[in-house]
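Visitor: The following block contains the structure, expressed as structure tokens.
No value in this document is a laboratory result; all are computed from the given coordinates. Keep in mind it's a predicted model, so treat the numbers as computed, not measured. Every residue, glycine among them, receives a Cβ derived from its backbone with ideal geometry; neighbour counts consider all protein chains shown.
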Amino acid sequence: MRLHCIVEDAPTARRAAEGGATVIQLRLKDVPTVEVVERGGPVADVAREAGVTFVVNDDVDAALALAADGVHLGRRDLGKERARAADLLLGVSAASVEEARIGVAQGADYVGAGPLWATPSKSDADPPVGLDGLAAICAAVIVPVVAIGGVDASNAADCIRAGAAGVAVVRAVAEARAVREAVDAASR
């Protein structure tokens, strides 16, 4: 759970794995399941070769077809019950304590909390929760919390100090090693 790298393709997944990713999360927004499966196969292969947990974003059917370790679902995504029934690792998104608690009650194994800061990688993101909001979410749930949204090597350690078990990065996948080092240092 230390470093989730959110990727769209195998070359980026490979860079993430080489940089110390502990989770590779395939995120292809507004793409049909058949295309997620087609494009996700090489990403799944990279994750398996690296011994890294492989998670699919928003699509339980694709996660099952790709034999993924888990699925990450947003607040409005369907399939939480199917994910649990299939014994998939289940991550849920939360931008508040209430949403985090609801996700845990629905069976989440971890909570993706954020966005921490403004981020250009998700145009429909909620307002930033900041480190205080992250700390409140971490204190409110018993499952690991992964901070997301504007996280990079310069602020990843702050997320860990606020209580997060790990961080998730999109743009900062290119600097995955530096992010992982910051997370590890803050965890000591």
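Visitor: Using +1 on the beta carbon of Lys and Arg, -1 on that of Asp and Glu, and nothing else charged, what's the dipole of the chain about the Cα centre, debye to 20?
Guide: 340 debye
Visitor: Quick one: VAL46, VAL7, fewest Cβ neighbours within 10 Å first, how do they rank?
Guide: VAL46, VAL7
Visitor: Anyone know which of ALA164, ALA105, ALA13 comes out most mobile in the 10 Å Cα GNM of the chain?
Guide: Among ALA164, ALA105, ALA13, the largest GNM mean-square fluctuation belongs to ALA105.
Visitor: Let me ask something additional. Restricting to DSSP H runs of at least four residues, report the calculated mean residue ellipticity at 222 nm for the chain, -39500 (n - 2.57) per run over all residues, nearest 500 deg cm²/dmol.
Guide: That calculation yields -12000 deg cm²/dmol at 222 nm.
Visitor: Once the piece of chain linking ASP126 and ALA186 is laid out straight, how much longer is it, given 0.36 nm per residue of separation minus the C-alpha distance between them?
Guide: Between ASP126 and ALA186, full extension yields an extra 18.9 nm.
Visitor: Just to be sure I understand, if you calculate semi-axes √(5λ) of the Cα gyration tensor in Å for this structure, which of (i) 27, 19, 16; (ii) 23, 20, 14; (iii) 37, 19, 15 do you get?
Guide: (ii)
Visitor: At a Förster radius of 35 Å, what calculated FRET efficiency corresponds to the Cβ-Cβ distance of ASP9 and SER154, to the nearest 0.05? Working shown, then result.
Guide: Working: r = 25 Å, r/R0 = 0.73.
It comes out at approximately 0.85.
Visitor: Using the 10 angstrom Cβ neighbour count as an exposure proxy, how do ILE142, ILE24, ILE6, ILE102 rank, fewest first?
Guide: Least to most surrounded, the residues fall as ILE142, ILE102, ILE6, ILE24.
Visitor: Still on this structure: Length gain on complete extension for the stretch ALA174 to ARG82, per 0.36 nm per residue less the alpha carbon to alpha carbon distance?
Guide: Between ALA174 and ARG82, full extension yields 29.8 nm more.
Visitor: May I ask you to sort LYS80, LYS29 by Cβ crowding, counting other Cβ atoms within 10 Å and putting the fewest first?
Guide: LYS29, LYS80
Visitor: Okay, moving on. Over the stretch 9-77, calculate the relative contact order: mean separation of alpha carbon pairs under 8 Å at least 6 apart, over the residue count, as a percent.
Guide: 32 percent
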